[in-house]
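The values are calculated or read from the model by the stated rules, or taken from the named source; none is laboratory data. Worth saying up front: this structure is predicted, and the values here are computed from it rather than measured. All Cβ positions, glycine included, derive from the backbone under ideal geometry; neighbour counts span all protein chains shown.
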Amino acid sequence: MIFYELVKYNNAISDFNKAIEINKEYADAYNNRSILYIVLQEFESALSDCNKAIEYNSGAALYYNTCGVVYKNLGNLNSAIKDYDIAIKLEPNFVSAYDNRAKAYYILKEYAKVINDYLHEIELDSNNSFYYYKKIGDCYYKLGDYNTAIENSNKA
């Protein structure tokens with residue numbers, strides 16, 4: 001990481017630390033600091049912070065999505081998927097949570113679930129259909145359904 005970026009992130013973390021000192025229940029500060037820790041690959045600190053954010057505001061889909069990203073980076077895909085599920089339940093149109101869950105399912109080789117999430121994303125965000133159809137085509141290919149793989153690749 002470039003020195004300037006490291007200083008920038010550490011300054012931001014310092015600012016969030018001050019915000020939390022002022023208000024120990026400032027959920028957004030915990031979540032945002034968690035995101036910085038993810039960037040810095042300090043996943044245990046990130047996990048602690050996103051869990052604190054959820055503790056203070058369990059109704060925020062974004063916080064569960066952040067925790068899912070942390071769990072995915074820690075290699076705990078089942079916990080990541082559980083958090084993405086909660087995020088989607090709280091906010092059914094949360095495209096990023098579907099995308100993150102699809103990526104976790106892909107690692108687990110649960111291609112039918114990946115396809116389902118990407119099809120749902122197309123309904124929510126048709127601007128990125130190229131990306132989704134490409135990934136769907138890849139999943140059908142891995143499932144051995146070559147004709148459908150080609151159809152989706154052509155849509156992309």
Q. Can you find a residue in segment 39-62 that is closer than 22 Å to residue 118 by Cα and touching a helix residue (DSSP H, G or I) at 6+ places or on another chain (Cβ under 6 Å)?
A. yes
Q: Scan segment 90-105 and give yes if some residue there is more than 14 Å from the chain's Cα centre (by Cα), within 17 Å of residue 69 (Cβ to Cβ), assigned to a helix (DSSP H, G or I) and assigned by TED's automatic domain parsing to the domain that holds residue 54, otherwise no.
A: yes
(Q) Looking only at segment 117-127, filter to residues that are in contact (Cβ under 8 Å) with a residue 12 or more places away in the chain and farther than 15 Å from residue 77 by Cβ; which one of those is surrounded by the fewest Cβ atoms within 10 Å (Cβ to Cβ)? (A) 124
Q) Can you name every residue in segment 95-116 that is surrounded by 20 or more Cβ atoms within 10 Å (Cβ to Cβ) and under 22 Å from residue 58 (Cβ atoms)? A) 97, 98, 100, 101, 104
Q: Please specify each residue of segment 95-111 satisfying the condition of being out of contact with any Gly (no Cβ under 8 Å at 6 or more places or on another chain) and either under 11 Å from residue 77 (Cβ atoms) or of a type in the set (D, E, K, R) (or both).
A: 99, 103, 105, 106, 107, 108, 109, 110
Q) Among the numbered criteria (1) in the same structural domain as residue 12 (by TED's automatic domain parsing); (2) surrounded by fewer than 17 Cβ atoms within 10 Å (Cβ to Cβ), which single criterion is violated by residue 147? A) (1)
Q) Could you list, in sequence order, the residues of segment 42-77 that are farther than 24 Å from residue 93 by Cβ, surrounded by 24 or more Cβ atoms within 10 Å (Cβ to Cβ) and of a type in the set (A, V, I, L, M)? A) 46
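Quick one: would you say residue 29 is buried (at least 16 other Cβ atoms within 10 Å of the Cβ), among the aliphatic types (A, V, I, L, M) and in a helix (DSSP H, G or I)?
Spelling it out, residue 29 is indeed buried (at least 16 other Cβ atoms within 10 Å of the Cβ), among the aliphatic types (A, V, I, L, M) and in a helix (DSSP H, G or I).
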Q.
Suppose we keep only residues that are part of a helix (DSSP H, G or I) and touching a residue at least 24 places away in the same chain (Cβ under 8 Å) within segment 137-156. Which one would you say is nearest to residue 100 (Cα to Cα)?
A. 139
Q.
Against the condition at pLDDT 95 or above, part of a helix (DSSP H, G or I) and more than 27 Å from residue 51 (Cβ to Cβ), how does residue 116 come out, does it pass?
A. yes
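Does at least one position in segment 32-40 carry a residue that is at negative phi, in contact with a Lys or Arg (Cβ under 7 Å, 6 or more places away or on another chain) and of a type in the set (D, E, K, R)? Spell out the reasoning first.
As a first pass, look at segment 32-40 and keep what is at negative phi: 32-40.
Then drop every residue that is not in contact with a Lys or Arg (Cβ under 7 Å, 6 or more places away or on another chain), which leaves none.
No - not one qualifying residue is present in segment 32-40.
Residues in segment 126-136: is at least one at pLDDT 95 or above and either more than 17 Å from the chain's Cα centre (by Cα) or in a helix (DSSP H, G or I) (or both)?
Step one: of segment 126-136, the residues at pLDDT 95 or above are none.
No, there is no match, as no residue in segment 126-136 is at pLDDT 95 or above and either more than 17 Å from the chain's Cα centre (by Cα) or in a helix (DSSP H, G or I) (or both).
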